[in-house]
1. If I filter the stretch 68-102 down to residues being loosely packed, with under 12 Cβ neighbours inside 10 Å and among the hydrophobic types (A, V, I, L, M, F, W, C), which single residue comes out as nearest to the chain's Cα centre (by Cα)?
2. If a residue has to be touching a residue at least 40 places away in the same chain (Cβ under 8 Å) and within 26 Å of K87 (Cα to Cα) to count, how many in the stretch 5-42 make the cut?
3. Between residues in the stretch 43-66 that are at pLDDT 90 or above and of a type in the set (G, A, S) and residues that are surrounded by fewer than 14 Cβ atoms within 10 Å (Cβ to Cβ) and outside any helix (DSSP H, G or I), which pairs lie under 7 Å by C-beta distance while being six or more apart or on different chains?
4. Consider N51 carefully, then state whether it is within 21 Å of the chain's Cα centre (by Cα), surrounded by 10 or more Cβ atoms within 10 Å (Cβ to Cβ) and not assigned by TED's automatic domain parsing to the domain that holds L112.
5. Please state which of the following conditions K29 fails to meet, knowing it meets all the rest: (1) modelled with pLDDT of 90 or more; (2) closer than 30 Å to D96 by Cβ.
Amino acid sequence: MIEENTLIEEYKKTLAEQKVINKKLAQLKAKILEENKPNGQFGTFHFDGFNIVISKKITYDQNQLKELSSKYNFIKAKYDVSETLYKELPDEVKLDFADSRTLNQGTISIKLKDENND
C-alpha cells in the first residue's frame with residue numbers, strides 16, 4: 001500500500017510539473033509568434049531554424065447542412081462535408097454551401113528543424 005501511495009504522489013507531482021511546463025511552453029509560443037509574424041492565416045511559414053504551422057479548421061452550420069442533405073448524398077449524418085471533397089466540388093455547388101461553411105484557424109504549432117534534415 002505504501003508503494004501505491006508513493007506512485008500516486010509521484011503521479012501528482014509529475015502532473016504539477018507538467019502544468020508548469022505547459023504554461024511555460026504557452027508563454028514561449030506566444031512570444032515566438034509575437035516576434036515572428038506569419039505572413040498568412042493558414043499554412044506553413046518558414047523561419048530560421050523553425051516553422052510555424054497554422055492549420056485550418058472548418059465547421060458547418062448544422063441546420064443548413066440538414067437542409068442540403070436531401071439534395072446531396074455525400075453529407076455525413078452529423079452534417080459535415082469532407083474538405084477534400086469540398087475542394088473538388090463545382091463552384092455552383094460550393095455556392096450552396098457558402099452560408100453554412102465557416103473557416104477558422106486550427107492549432108498553431110512550432111516545428112523545430114532537425115539540423116541534419118533541414
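1. Result: L85.
2. Looking only at that region, the number is 2.
3. G49/K113; S55/G106; S55/T107
4. No.
5. Unmet condition: (2).
The values are calculated or read from the model by the stated rules, or taken from the named source; none is laboratory data. Keep in mind it's a predicted model, so treat the numbers as computed, not measured. Positions of Cβ are backbone-derived with ideal geometry, glycine not excepted, and every protein chain shown enters the neighbour counts.
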